[in-house]
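Down below is the structure, laid out as structure tokens.
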Amino acid sequence: MAREIRLFSELEIWTHKHVVHFAAALILTGLIISAAKLPSPLDSFFGWLAYALGTPASYLAKALGYSPFEQGYSAYSLGVQVARVIHRLAGVGMAAIGLVWLLGELPRIRKWQIWPEGGLGEAVRNLAAYYLGRRSVRFGKYNLGQKLWILSVFIGFAILFATGMVMWFRSSFSPETVALAHTIHVWAAWLGIAGLIVHVYLAIGIPEHRPMVRAIFRTGTAPEDFVKHHHPLYYEKAAKEAEEA
């Protein structure tokens with residue numbers, strides 16, 4: 001059996017799984033909330049999902065003694081409100097996951113390799129050589145593109161969370177501030193969705209990357225030959241730490 005090299009901790013696996021869950025909830029509910037403004041046929045599909053949420057919610061409300069339809073709600077508008085509640089809770093959940101990860105990783109902060117190994121210029125050349133030239137290069141655990149993606153996720157979610165809070169507590173802000181927050185929120189969300197599509201393609205669509213998918217979702221490890229070939233700097237660092245242990 002081929003030797004496996006540890007790439008991700010249990011905390012990293014747990015965090016990544018739940019980030020996926022909350023991101024899916026945020027994207028789905030965000031599209032339902034925005035259904036009326038989406039182009040065809042997306043408006044019909046996510047509008048139907050709003051009805052699908054609102055119809056059982058109306059029966060539940062009626063069973064609890066409320067009359068949402070008499071209060072001016074349609075199944076569609078009630079579904080949008082349900083999606084909005086789920087969206088807010090998912091946003092808070094995502095923030096909580098990030099906080100748990102940060103607290104768990106703080107003891108390892110000295111080992112974080114934020115700046116590209118070999119400098120920015122070499123990192124850019126290596127990235128171009130790997131993806132455009134299809135050549136083997138000396139990457140660490142993450143290449144420059146992956147590091148930029150991780151950084152953009154943190155910054156992007158911070159923007160989405162801050163603007164989401166402004167819209168949630170809109171009575172505490174001026175209409176102009178709420179409108180600006182909404183515009184920024186929408187643009188940041190679409191950019192995030194576009195980045196996520198690219199991220200998923202690079203992880204799953206390129207066959208040689210798939211051992212990393214298994215590692216981040218299940219085992220935390222990848223075959224030694226894979227790590228040695230695709231992440232040689234990390235492999236050498238891990239081998240050195242194993243010798244010193």
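None of the figures in this text is laboratory data; all of them are computed from the coordinates on show. None of these values were measured; they are calculated from a predicted model. Because the Cβ atoms are built from the backbone with ideal geometry, glycine has one as well, and the counts that use them run over all protein chains shown.
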Counting only backbone N atoms under 15 Å from a point 7 Å out along Cα-to-Cβ of Ala24, the residues of the range 144-172 in range are none
The helix 175-200 Cα axis meets the longest alpha-carbon principal axis of the chain at an angle in degrees, between 0 and 90 and rounded to 10, of 40 degrees
When the charge dipole of the range 1-107 is computed with +1 on Lys and Arg Cβ and -1 on Asp and Glu Cβ about the Cα centre, the Cα farthest towards its positive end, among Val20, Leu31, Leu78, belongs to Leu78
Nearest 10, in degrees from 0 to 90: the angle of helix 75-105 to the longest Cα principal axis of the chain is 30 degrees
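Under 8 Å for C-alpha pairs, at least 6 residues apart: give me the relative contact order for the range 138-245, rounded to a whole percent.
Working: 64 pairs, mean separation 37.2, N = 108.
Computed over the range 138-245, the figure is 34 percent.
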Amide H proximity to Ile5 below 5 Å, modelled H, separation 5+ or other chain, gives Ala222, Glu224
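May I ask you to derive the FRET efficiency for Ser9 and Trp168 from their Cβ-Cβ distance with R0 = 51 Å, giving the value to the nearest 0.05? Numbers along the way, then the final one.
Details: r = 33 Å, r/R0 = 0.65.
Efficiency, rounded to the nearest 0.05: 0.95.
Given the rule -39500 (n - 2.57) for each run of at least 4 DSSP H residues, summed and divided by the residues of the chain, what is its mean residue ellipticity at 222 nm, to the nearest 500 deg cm²/dmol?
Working: 9 runs with 165 residues, N = 245.
Rounded to the nearest 500, the figure is -23000 deg cm²/dmol.
Over the chain, what is the relative contact order in whole percent, taking alpha-carbon pairs under 8 Å and six or more residues apart? Don't skip to the answer; put the middle values down first.
Details: 227 pairs, mean separation 64.5, N = 245.
Across the chain, relative contact order equals 26 percent.
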Volume per residue (Å³) of the convex hull spanned by the alpha carbons of the range 70-163 is 152 Å³
Computed from every Cα-Cα pair in the range 1-107, P(r) in 5 Å bins starting at 0 and rounded to whole percents is 2, 12, 16, 15, 13, 11, 9, 8, 6, 4, 2, 1, 0, 0
Expressed in nanometres to one decimal, the distance between label points 7 Å along Cα→Cβ at Trp112 and Val92 is 2.7 nm
Going residue by residue through the range 21-36, the Karplus relation 6.51 cos²θ - 1.76 cosθ + 1.60 with θ = phi - 60° gives ³J(HN,Hα) values, rounded to whole Hz and with x marking Gly or Pro, of 4, 5, 5, 4, 5, 5, 5, 4, 5, x, 5, 5, 4, 9, 3, 5
Treating every alpha carbon of the chain as one equal point scatterer without solvent, the Debye formula yields log10 I(q)/I(0) values at q = 0.07, 0.08, 0.12 Å⁻¹ of -0.34, -0.43, -0.84
Low-density loop GluC sites (Glu not before Pro), the range 105-147, at most 15 other Cβ within 10 Å, DSSP non-H/G/I/E/B, are none
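Once you charge only the Cβ atoms, +1 for Lys and Arg and -1 for Asp and Glu, what is the size of the charge dipole of the chain about its Cα centre, to the nearest 20 debye?
On the way: 23 positive and 16 negative charges, 34 e Å.
Magnitude of the dipole: close to 160 debye.
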